[in-house]
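The values are calculated or read from the model by the stated rules, or taken from the named source; none is laboratory data. Every value quoted in this text rests on a predicted model; they were computed, and no experiment measured them. Methodologically, a virtual Cβ is constructed for each residue, glycine included, from the backbone with ideal geometry; neighbour enumeration extends over all protein chains shown.
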Amino acid sequence: MKKESIELWFITGSQHLYGEETLRKVADNSKAIAAALDKSDLIAAKVVFKPVLTTASAITTICMEANNNPACAGLIAWMHTFSPAKMWIAGLKRLTRPLLHLHTQYNRDIPWNEIDMDFMNLNQSAHGDREFGYICSRLRMERKVVVGHWQDREVVRSIGVWSRAALGALESRSLRVARFGDNMRDVAVTEGNKVSAQIRLDYEVQGYGIGDLADAVKKVTEKQITALVKQYGDEYKASAKILAAPAIKEAARIESGMRVFLEKGGFKAFTTNFEDLHGMVQLPGLAVQRLMADGYGFGAEGDWKTAALVRIMKVMAQGLKGGTSFMEDYTYHLDPKNTAILGAHMLEVCPSIAAGKPTLEVHPLGIGGKDDPARLVFRTGLGDALAASMVQMGDRFRLIVNTMKVVECPPMPKLPVASVLWKPSPDLKTAAMAWIYAGGAHHTSFSQALSAEHLADFADMTGTEFVLIDDNCEIGQFRKELRWNDLYYTLNKGL
Ligand code: MN
């Protein structure tokens with residue numbers, strides 16, 4: 001699925017040395033590549049050809065235009081011929097959009113019998129792209145380098161992954177996160193510097209008293225409630241008795257009020273805190289689940305970093321198979337022959353990851369001291385998934401990703417919450433050890449749609465440290481990587 005309103009600009013570098021005819025061929029070839037990328041379903045936005053760049057002023061202009069155009073999510077650059085890279089310094093220095101360097105060549109094969117000096121004059125990316133690579137490295141520019149023929153599926157896939165990360169980075173620029181109440185008292189990892197987050201990741205975080213939300217909830221009409229409860233009956237497994245329960249009406253009232261509040265403020269992510277519910281009758285459970293299913297990011301206990309991450313990952317995953325949800329590593333199965341992690345939360349797991357129709361239920365919660373809340377109960381589809389955690393290390397943000405396999409979960413008749421059972425890569429012991437050494441949070445954004453590469457690309461675009469725990473993770477090496485990263489992020493301020 002393509003987001004037609006968002007553009008990736010295809011830019012080609014050259015110079016005037018070769019004459020008009022060569023430059024015309026350069027433009028034709030570039031148009032063909034841009035059109036082919038634009039046609040591919042693997043790439044999540046429109047790919048737009050831009051006129052071939054042969055001067056420093058044209059390069060600077062296009063970079064500034066990219067910065068200023070809210071529809072431009074990033075640039076794909078290719079040097080068909082040699083493009084002396086001093087011309088690129090001014091533009092690249094000013095570029096604030098993500099950059100992908102496509103190191104490709106128009107022709108796949110060398111035409112052994114026909115190759116002549118004209119051919120050599122035109123097809124120079126093997127050395128032209130190296131000159132461009134040098135100046136990007138010299139400027140310490142974060143970018144993704146993709147190598148191979150432009151019709152090769154793996155090349156297009158890799159550009160496609162980057163295009164989704166670029167959609168996430170673009171979303172982050174306009175994202176507003178609402179916090180209802182502060183974060184949970186005494187908790188460390190959900191704290192953080194919201195100014196640093198805005199400087200580094202662009203999104204803004206705004207706090208509200210829970211009373212502001214309670215006011216919006218109070219204004220909900222009986223008619224709105226009836227309509228929502230009917231919708232619950234259509235979308236979920238729910239008995240007539242449950243649908244008539246006062247707790248369900250109350251949940252609908254909360255959902256309706258929350259929607260109004262969030263829409264009015266232009267918020268696409270939010271947090272709640274069970275310690276701060278004055279004026280609310282129950283902890284928002286069903287409302288949070290349904291808002292997440294509609295694309296909102298969420299973090300419990302005031303966790304705004306996870307709320308923002310869930311939203312950004314949902315945008316990155318648009319149109320892909322599999323859902324994305326707020327998640328928590330809840331409890332372990334430590335049978336040495338069959339270790340696994342049970343992921344869940346009190347209530348707030350997104351039904352986008354549900355296998356089958358969720359059941360609507362009302363049960364006591366045990367914390368928060370409020371009425372029994374409504375929630376959707378379900379299991380999750382099996383297969384590949386990952387969990388991602390964004391933490392603040394003081395001087396930087398660190399994104400930790402663990403790949404995993406969701407496995408069959410035995411029945412748990414006394415646990416009426418949405419849950420996921422998974423086996424982390426490479427194994428529970430190594431994964432948990434690495435996660436803890438890295439300082440990963442207990443809250444995560446869990447996704448069955450995205451790969452680690454999506455998140456690595458996003459981290460690069462936002463200057464975020466990225467550490468991956470997958471099948472190749474070895475603890476000794478991983479700990480060294482963390483130490484080296486500490487050193488790098490201390491020293492790189494001077495680069
Ligand atoms: Mn929690």
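Got at least one residue in region 244-260 being among the small types (Gly, Ala, Ser), modelled with pLDDT of 95 or more, within 30 Å of VAL187 (Cα to Cα) and in a loop (DSSP other than H, G, I, E, B)? No, the conditions are met nowhere in region 244-260. For region 95-112, filtering for residues that are closer than 25 Å to SER137 by Cβ and surrounded by fewer than 18 Cβ atoms within 10 Å (Cβ to Cβ) leaves 1.
State yes or no: is SER239 over 30 Å from PRO424 (Cα atoms) and touching a helix residue (DSSP H, G or I) at 6+ places or on another chain (Cβ under 7 Å)?
Working: over 30 Å from PRO424 (Cα atoms): yes; touching a helix residue (DSSP H, G or I) at 6+ places or on another chain (Cβ under 7 Å): no.
Criteria not met by SER239.
Of the strands (runs of 3 or more DSSP E) contained entirely in region 315-400, those carrying at least 1 residues that are among the acidic types (Asp, Glu) fall at 324-333, 359-362, 383-392. Flag not set for GLU301, criterion: assigned by TED's automatic domain parsing to the domain that holds GLU235 and part of a strand (DSSP E or B).
Which one of these is under 20 Å from HIS345 (Cα atoms) and crowded, with 23+ Cβ neighbours inside 10 Å: HIS454, HIS443? Please lay out each step first, then the result.
Numbers: HIS454 fails: under 20 Å from HIS345 (Cα atoms).
Going through HIS454, HIS443 in turn, just one is under 20 Å from HIS345 (Cα atoms) and crowded, with 23+ Cβ neighbours inside 10 Å: HIS443.
Beta carbons closer than 8 Å, at least 6 apart along the sequence or on distinct chains, pair a first residue in region 146-167 that is outside any strand (DSSP E or B) with a second that is surrounded by fewer than 22 Cβ atoms within 10 Å (Cβ to Cβ) and at pLDDT below 95 for LEU167/LYS3. Scanning region 432-453 for residues that are under 15 Å from ASP384 (Cβ atoms) and either without any contact (Cβ under 8 Å) to a residue 40 or more places away in the chain or of a type outside the set (Ser, Thr, Tyr) (or both) returns PHE446, GLN448, ALA449, LEU450, ALA452, GLU453. Exactly one residue out of SER425, SER419 is on the phi < 0 side of the Ramachandran plot, touching a Cys at 6+ places or on another chain (Cβ under 8 Å) and within 16 Å of the ligand (Cβ to nearest atom), and it is SER419. Only a single item in (1) without any contact (Cβ under 8 Å) to a residue 60 or more places away in the chain; (2) touching a Lys or Arg at 6+ places or on another chain (Cβ under 7 Å); (3) within 16 Å of the ligand (Cβ to nearest atom) is not met by PHE298, and it is number (2).
The residues in region 260-299 that are charged (D, E, K, R) and over 16 Å from GLU348 (Cβ atoms) can be counted, and the count is 3. Residues being within 16 Å of the ligand (Cβ to nearest atom) and either assigned by TED's automatic domain parsing to the domain that holds SER40 or aromatic (Phe, Trp, Tyr) (or both) are entirely absent from region 126-146. Just to be sure I understand, how many residues within region 405-431 are touching a residue at least 24 places away in the same chain (Cβ under 8 Å) and either in a helix (DSSP H, G or I) or closer than 23 Å to ARG164 by Cα (or both)? Looking only at that region, the number is 4. Name the single residue, out of those in region 314-349 being closer than 15 Å to VAL177 by Cβ and touching a helix residue (DSSP H, G or I) at 6+ places or on another chain (Cβ under 7 Å), that is farthest from the ligand (Cβ to nearest atom). So, considering only residues that are closer than 15 Å to VAL177 by Cβ and touching a helix residue (DSSP H, G or I) at 6+ places or on another chain (Cβ under 7 Å), the one farthest from the ligand (Cβ to nearest atom) is VAL315.
Within region 343-353, identify whether any single residue is buried (at least 16 other Cβ atoms within 10 Å of the Cβ), charged (D, E, K, R) and out of contact with any Phe, Trp or Tyr (no Cβ under 9 Å at 6 or more places or on another chain), and answer yes or no. No, region 343-353 contains no residue that is buried (at least 16 other Cβ atoms within 10 Å of the Cβ), charged (D, E, K, R) and out of contact with any Phe, Trp or Tyr (no Cβ under 9 Å at 6 or more places or on another chain).
Which of the residues that make up region 28-60 are out of contact with any strand residue (DSSP E or B) (no Cβ under 6 Å at 6 or more places or on another chain), in contact (Cβ under 8 Å) with a residue 24 or more places away in the chain, assigned to a helix (DSSP H, G or I) and within 18 Å of LEU95 (Cβ to Cβ)? Once the filter is applied, which keeps residues that are out of contact with any strand residue (DSSP E or B) (no Cβ under 6 Å at 6 or more places or on another chain), in contact (Cβ under 8 Å) with a residue 24 or more places away in the chain, assigned to a helix (DSSP H, G or I) and within 18 Å of LEU95 (Cβ to Cβ), region 28-60 yields ALA56, THR60. Would you mind stating whether ASP395 is closer than 27 Å to GLU250 by Cβ, modelled with pLDDT under 95 and surrounded by fewer than 22 Cβ atoms within 10 Å (Cβ to Cβ)? No, not satisfied.
Here TYR332 fulfils each of the conditions (1) surrounded by 24 or more Cβ atoms within 10 Å (Cβ to Cβ); (2) more than 23 Å from THR221 (Cα to Cα); (3) out of contact with any Gly (no Cβ under 6 Å at 6 or more places or on another chain) apart from (1). No other residue among ALA449, ALA431 is away from the ligand (no atom under 16 Å from the Cβ) and either surrounded by fewer than 23 Cβ atoms within 10 Å (Cβ to Cβ) or over 22 Å from MET313 (Cα atoms) (or both) apart from ALA449. Within region 181-218, being part of a loop (DSSP other than H, G, I, E, B), under 22 Å from the mean Cα position of the chain (by Cα) and either away from the ligand (no atom under 16 Å from the Cβ) or not assigned by TED's automatic domain parsing to the domain that holds GLU328 (or both) holds for ASN193, ASP202, TYR203. Only residues that are under 22 Å from ALA354 (Cβ atoms) and surrounded by 12 or more Cβ atoms within 10 Å (Cβ to Cβ) were counted in region 219-265, giving 22.
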